[in-house]
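Peer 1: Attaching a single structure in structure tokens format; questions to follow.
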Amino acid sequence: MGEYEVGRDLQELRSRIERLEHGCDHHGHREGPHDAPWRPGRPGRYGESAGFIVHSPEVGIDIQRKPVLWKADKAFKMPPVFSGLLGYGHHAQFDSAQSQSWGCHPEPLILNVTWNAGGTDELYRLVNQVLSIMRVRDPNTGTTSASVVYSAQLIASGRGKFAQVNYPWPAFNGTLRNAGGAALSFFSGYIDFNCQDNKPFNVFGTYAPALYDLVAGGTWVLTGGNVDGC
């Protein structure tokens, strides 16, 4: 049995266990007018979902490969599309800047859905994953800032999408770590897509600039939820 089949079977087992846990958690619970309980595959006020996807195992950078290092040799102005994307504004200029970028493992990262009627399918995958950190200094203000971005291409399988009954909403939860594996900072973002999506997926965050030299990579977990068929 290959790694893909083992991972799929483990994910289906986690899904079944999590359904049992949630069923026990909500036994005898009476919904109030503002309640939005997270009930994997169980009927809710919005109807019954078709399946469920559990959270992914913790994954992260490819530790077998060194990061790509970059450092500006002189003051420069970043292309507006990138400075705006990172939250620096389209007129930002820097007198110093440096970054590190890592590839990720596994590549691609595939999330499967377990259907209530039985069986599993790929729900979506993240390909061309990159984790990058950056530290820049603005000469106009003298301030130094640091940012992190996880970027990938999200490709939906066309078999399902997250249902509107999910609470909390499925999310990407990332952690920057030092060489010993200790957590330095956290960043997160929500995951949403339609059945036929093939689109960029980016998660941004900021952290204390003094931590830049301590960052040795990162890990992340993708949370799941109820799934509707396409």
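Peer 1: Treating cross-link reach as a plain straight distance, find the lysines whose alpha-carbon is under 18 Å from the alpha-carbon of LYS161, omitting any fewer than eight places away in the same chain.
Peer 2: Correct list for LYS161: LYS199.
Peer 1: What does the convex hull of the Cα atoms of region 96-204 come to per residue, in Å³, rounded to a whole number?
Peer 2: Normalising the Cα hull of region 96-204 by residue number yields 153 Å³.
Peer 1: In addition: In a shell of Cβ-Cβ distance under 14 Å around ALA156, excluding ALA156 itself, what net charge do Lys and Arg (+1) and Asp and Glu (-1) give?
Peer 2: Neighbourhood net charge equals -1.
Peer 1: Show me, for region 68-73, the HN-Hα J-couplings you get by feeding each phi into the Karplus relation (A = 6.51, B = -1.76, C = 1.60, θ = phi - 60°), rounded to Hz, glycine and proline as x.
Peer 2: 8, 9, 9, 8, 6, 7
Peer 1: Report the Cα centroid-to-centroid distance between region 136-151 and region 91-130 in angstrom, as an integer.
Peer 2: Between the Cα centres of region 136-151 and region 91-130 lies a distance of 24 Å.
Peer 1: What ranking do 107-116, 164-173, 187-196 get when scored by the average of other Cβ atoms within 10 Å per residue, highest first? List each step's numbers first, then the result.
Peer 2: Numbers: 107-116: 20.2, 164-173: 16.8, 187-196: 14.9.
For the peptides 107-116, 164-173, 187-196, the packing ranking is 107-116, 164-173, 187-196.
Peer 1: OK, next. Enumerate the amide H contacts of ALA50 below 5 Å, restricted to partners 5 or more residues apart or on another chain; note that Pro and chain-start residues carry no placed amide H.
Peer 2: Correct list: VAL227, ASP228, GLY229.
Peer 1: Follow-up. Using Cβ counts within 10 Å as a stand-in for footprinting exposure, how do VAL203, VAL130, VAL227 rank, fewest first?
Peer 2: VAL130, VAL203, VAL227
Any read-out appearing in this document is the output of simple, stated calculations on the displayed coordinates, not a laboratory observation. For clarity, every value in this text was computed on a predicted model and none was experimentally measured. We place every Cβ from the backbone using ideal geometry, glycine too, and count neighbours over all the protein chains shown.
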